[in-house]
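The values are calculated or read from the model by the stated rules, or taken from the named source; none is laboratory data. All values derive from a computational prediction rather than experimental measurement. Methodologically, a virtual Cβ is constructed for each residue, glycine included, from the backbone with ideal geometry; neighbour enumeration extends over all protein chains shown.
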Amino acid sequence: MDGISKYAMKFNKKQQSKVLEGDLTPMIDMTFQLIAFFMLLINFSEVDRAEEISLPVSELAVPPDGRPDYQIILNLEPGGNVIFEGQRIENINVMGPILNQEVSNAERENVAAADIAVVIRSHADSPTGLVQKLISKCQDSELQSFSLRVKEYVNQ
């Protein structure tokens, strides 16, 4: 009996001295997966909108039916600068190579130039001639589908 009690005492001491810790690895893995999931859900369409562009108001504004497969968003400032993908282009005349590159990118995704939707967000104070000049530059790059963004007029 004496031998059994010594063994039991040693067994109890081993259990008492061992600190039990939880494994945090699965919880950390799940946290990173949730972060990655929510990053994918962020709406990146707001990136193309320049905050300094104040759109004109129109009573005839109609919301688009749906989002096109491939679109180019051009923000036109009153001075003639174009903001494209967060980059300010100082002159409409240098838009040709940039638009040609976008057409090439679309063709790699099997989208024809005629199917690319060009969205022009012109500042309310921009002269109409600048908008026409920008559309002409786009047409030089074989772009054909255009839409102008305005604020919808709400009669109060």
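For the condition polar (S, T, N, Q) and at pLDDT 85 or above, what is the one hit in Asn75, Asn43, Asn12? I'd like the intermediate steps shown before the answer.
Numbers: Asn43 fails: at pLDDT 85 or above; Asn12 fails: at pLDDT 85 or above.
Exactly one of Asn75, Asn43, Asn12 is polar (S, T, N, Q) and at pLDDT 85 or above, namely Asn75.
Regarding Thr25, is this residue modelled with pLDDT of 85 or more, surrounded by fewer than 12 Cβ atoms within 10 Å (Cβ to Cβ) and under 28 Å from the mean Cα position of the chain (by Cα)? Even if it seems obvious, please write down each step before you answer.
Numbers: modelled with pLDDT of 85 or more: yes; surrounded by fewer than 12 Cβ atoms within 10 Å (Cβ to Cβ): yes; under 28 Å from the mean Cα position of the chain (by Cα): no.
Here the answer is no, as Thr25 does not meet what is asked.
Kindly list, by first and then second residue, each pair from a residue in the range 87-106 that is touching a residue at least 12 places away in the same chain (Cβ under 8 Å) to a residue that is surrounded by 13 or more Cβ atoms within 10 Å (Cβ to Cβ) and among the basic types (Lys, Arg), limited to pairs with Cβ atoms under 6 Å and residues at least 6 apart or on different chains.
Taking only residues 6 or more apart or on different chains, the pairs are Ile92/Lys133; Ile92/Lys137; Met95/Lys137.
Under the condition of being over 19 Å from the mean Cα position of the chain (by Cα), surrounded by 15 or more Cβ atoms within 10 Å (Cβ to Cβ) and not polar (S, T, N, Q), which residue from the range 77-93 is nearest to Arg121 (Cα to Cα)?
Looking only at the range 77-93, we keep the residues that are over 19 Å from the mean Cα position of the chain (by Cα), and these are 77-81, 89-93.
Narrowing the set further to residues that are surrounded by 15 or more Cβ atoms within 10 Å (Cβ to Cβ) leaves 77-78, 80-81, 89, 92.
Those left that are additionally not polar (S, T, N, Q): 77-78, 80, 89, 92.
Details: Glu77: 9, Pro78: 11, Gly80: 12, Ile89: 15, Ile92: 14 Å.
Top of the filtered list is Glu77.
Looking at (1) over 22 Å from the mean Cα position of the chain (by Cα); (2) buried (at least 17 other Cβ atoms within 10 Å of the Cβ); (3) at pLDDT below 85, which one does Ser122 not meet, given that it meets all the others?
Exception for Ser122: condition (1).
From Gly129, Gly96, which residue is surrounded by 12 or more Cβ atoms within 10 Å (Cβ to Cβ), assigned to a helix (DSSP H, G or I) and among the small types (Gly, Ala, Ser)?
Working: Gly129 fails: surrounded by 12 or more Cβ atoms within 10 Å (Cβ to Cβ).
Checking each option against the conditions leaves just Gly96.
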